[in-house]
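Below is one structure, written out as structure tokens, with a few remarks after it.
The values are calculated or read from the model by the stated rules, or taken from the named source; none is laboratory data. These numbers come from a predicted model, not from an experiment. Because the Cβ atoms are built from the backbone with ideal geometry, glycine has one as well, and the counts that use them run over all protein chains shown. Protein only, heavy atoms only, side chains kept; ligands, DNA and RNA dropped before computing areas. Shrake-Rupley method; radii C 1.70, N 1.55, O 1.52, S 1.80 Å.
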Amino acid sequence: MAEQAHIVAFFRDAPPRVIIEIVRRLPSRSILRLRAVCKGLRDVMTYRPLLAAVHLLHPPQPLICFGLDACPNDLNIKLRDYCVEALDLRSDTLRPVLRFTDNEYYDDMANVEGLDAPRIFVFSKDQINYGEVDDGAGPPELVVHASVDGLLLVSFVNLWYVCNPATRQWAALPDLSDYDVIGLYEHVSSGGYRVLYHTGKDDEDASTCYYVLTVGDQEARSIGCPVSPVATEDVGLDIGLVPSSLAPPVQLGCKLHWPPQERQGFQILVFDTEAEVFSWMRAPNPIPNGSMHLLEMDRRLAMSVSKASKATLQLWRLEDYSIGVWFQVYRITVQVPRIRDLHYIDYFPRVVSPEGDVLIECSNKLILHCDRIGNLLQKFQFREEAPLIRHVLKESLLPHAFFLAPKPDDVVELPFFQGL
């Protein structure tokens, strides 16, 4: 008890900067365990300014999504693992973020020996709509639609959730499968979080209308197709955006920004989250057939520009937001002749950090990590399907009221944190 009292006294009396330097080096799991030691430590570890400072200091980590057979050596067991892991670019280590095992998809499929797959979790088929099994479609996917402030917007088939992997909390959302979800953002003035989506999915003749869903609510609110009065042009808002699972936006302050898309005239679409209106801003000169991805760099907007199977990439930073002046920070050339894994295969590189780290998705189910000089630092081999890199996660232990709200009786719980 005396030793525990000394520890509590240290955390209570030490300068805030010292506490922040200690806590930011601890994984979230260790911080959560410290809370359980005694009331004194719980008070320190739940101090909101401390948690906010730690969140700001933690570097974002790219998320890698993949699936695999849970029992590849036994054809009689039809189980599938759905995995999301975070890559620490400093140590080149993968850390599980979300993971669960499902076997409902296989119930209607012929089993090799005629045996039923062992049940792992009991779900209601009235609630999980797997649809008709298409032999060429493969199993369903766990999709990460958005990531902001340590929160992930994820879906599995027709089940949608916002969850915080660090605190292992989640909140259910209405089924959004019939819409194009284009973002999750913080509503700064209220402190809440909202999902932005639009109608017209897979139907060019349908009119496009945008909706805002507050996390914790079951009903969304239509905002139409609002264009800012100061917008100089209206490009492509009526035909919608590429879903955020493929082209994630970046939030800076009260503005949500999407990477340039052809349907937006290769301009950056901006959504004012307070006024709830859209506008556009200039992007760096687009590369023909190139791909552009946004990231945050020193609290400014930055953009990775690259092309499939091309060794040269660019990282641009927005120097003057008001007039749209961009500056090329890095021009990176991957050392393809020195990296045998890139010979005679298709690959796609992108810059994923302000320091110029490059991740390369390869057609042979490899992910390569290179530095800004283009040298190979590490490679990761995946077993069955090519992994996807679209989002980054910046862990947060900040509490949110919508996680504490009572859950409806008909909500299906997916064990996202199984085995972590």
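Things worth noting here:
- Residue match in the stretch 379-393 (condition: under 29 Å from ALA70 (Cβ atoms), part of a loop (DSSP other than H, G, I, E, B) and among the hydrophobic types (A, V, I, L, M, F, W, C)): yes
Every residue, every condition in (1) out of contact with any Leu (no Cβ under 9 Å at 6 or more places or on another chain); (2) open to solvent by less than 60 Å² (accessible area, probe 1.4 Å); (3) in contact (Cβ under 8 Å) with a residue 24 or more places away in the chain, yes or no:
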position	(1), (2), (3)
VAL329	no, yes, yes
LEU359	no, yes, yes
ARG372	no, no, yes
GLN381	no, no, no
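- The selection criterion, being in a strand (DSSP E or B), in the same structural domain as GLY191 (by the TED database), open to solvent by less than 20 Å² (accessible area, probe 1.4 Å) and at pLDDT below 95, holds for LEU313.
Residue by residue, here is whether (1) assigned by the TED database to the domain that holds LEU318; (2) open to solvent by less than 20 Å² (accessible area, probe 1.4 Å); (3) assigned to a strand (DSSP E or B) holds:
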{"position": "LEU241", "(1), (2), (3)": "yes, yes, no"}
{"position": "SER244", "(1), (2), (3)": "yes, yes, no"}
{"position": "PRO248", "(1), (2), (3)": "yes, no, no"}
{"position": "GLN251", "(1), (2), (3)": "yes, no, yes"}
{"position": "TRP280", "(1), (2), (3)": "yes, no, yes"}
{"position": "HIS293", "(1), (2), (3)": "yes, no, yes"}
{"position": "GLU296", "(1), (2), (3)": "yes, no, yes"}
